[in-house]
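Following: one structure in structure tokens, then a few remarks.
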Amino acid sequence: MGGGVLLIPILTVVLSVAQKSAQAVNLLAFIPMSVLALVVHLKNKRVKWRSVGYIIVPAVFFSCGGSLLALSVSPGLLGTCYGVFLSLLGVSQAVVALKSKE
Amino acid sequence: MLCVPVLTLALGLDTKESHATALSVMLPLSLVSAGIYLASGTVEGSILIPVSIGFVVGGIGGALLLGKLKNKVIALAFSLVMIVAGINFLV
């Protein structure tokens, strides 16, 4: 998950926590954090609820499908594909951001 | 990681709205995943509590900061996180 970019390597490499425990902690700690951050965003009226509906339904389907697919693919290949995809997405987003005026 | 670009590109939200809205999408999905994790194994409470405190402080700080930063800065910072995360998976 995106939020685990720093946390998971710190837990697994620096603190020698098992990978699965690190993932579980990352996921669980995200919940109180997102509830409170969301309170701030709701107060500032930044959440667009209609968009939530458009995203969440396909997200559930793709998550289930993705999880099933992930079970049948080797973890190494999965990690590599995801790494390449994420790096390319990051670069394209950086280019868009640099070109934008605001 | 995908939710924010989809919201900005496909649904036309601005950067700040995308990040805020993305959280609303991720929270219920995370609750479901967390439920599965809790049902299938134990979680080390000794790590969970300090990490949760850190996450909450950072999360609230980030949410407050979102309003004060320019969209360009937010978008660049997020793309940097994506690139670091991507490289992390490759090494």
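Here, each number is a calculation from the coordinates, and none is a lab measurement. Note that the structure is a prediction, hence the values are computed from the model and not measured. Note: ideal-geometry Cβ built from the backbone for every residue, glycine included; neighbour counts use all protein chains shown.
Structure above, values below:
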| item | result |
| --- | --- |
| 0 to 90° range, to nearest 10: angle between helix A:49-72 axis and chain A longest Cα axis | 10 |
| Size of electric dipole in segment A:18-102: Cβ of Lys, Arg +1 and of Asp, Glu -1, about Cα centre, debye, nearest 20 | 420 |
| Average partner coverage of B:5-11, which counts Cβ from other chains inside 10 Å | 4 |
| Inter-chain Cβ neighbour average for residues B:74-83, partner chain, 10 Å | 6 |
| Mean residue ellipticity (222 nm) of chain B, computed from DSSP H runs ≥ 4 via -39,500 (n - 2.57), nearest 500 | -28000 deg cm²/dmol |
| Size of electric dipole in the protein assembly as shown: Cβ of Lys, Arg +1 and of Asp, Glu -1, about Cα centre, debye, nearest 20 | 640 |
| Alpha-carbon Rg with Dmax, taken over segment A:18-71, Å | 14.8, 40 |
| Vicinal HN-Hα couplings computed from phi for segment B:18-30 (Karplus, 6.51 cos²θ - 1.76 cosθ + 1.60; Hz; Gly/Pro x) | 4, 5, 5, 5, 4, 4, 5, 6, 6, 4, x, 5, 5 |
| Charge tally in the Cβ shell below 14 Å around residue A:40, where Lys, Arg are +1 and Asp, Glu are -1, residue A:40 excluded | +4 |
| Gyration tensor (alpha-carbon) shape descriptor, chain A, a/c threshold 1.5 | rounded |
| Unit charges at the beta carbon, dipole of chain A: most positive-side option, A:30, A:84, A:65 | A:30 |
| Computed helical MRE - 222 nm, chain A, DSSP H runs ≥ 4 contributing -39500 (n - 2.57), nearest 500 | -27000 deg cm²/dmol |
| Degrees, to the nearest 10: A:75-99 long Cα axis against longest axis of chain A | 30 |
| Relative contact order (%) - criterion: Cα under 8 Å, at least six apart; region: chain B | 34 |
| Alpha carbon convex hull of chain B, volume per residue in cubic angstrom | 130 |
| Prolate/oblate/rounded label for segment B:43-91 (Cα gyration tensor, a/c 1.5) | oblate |
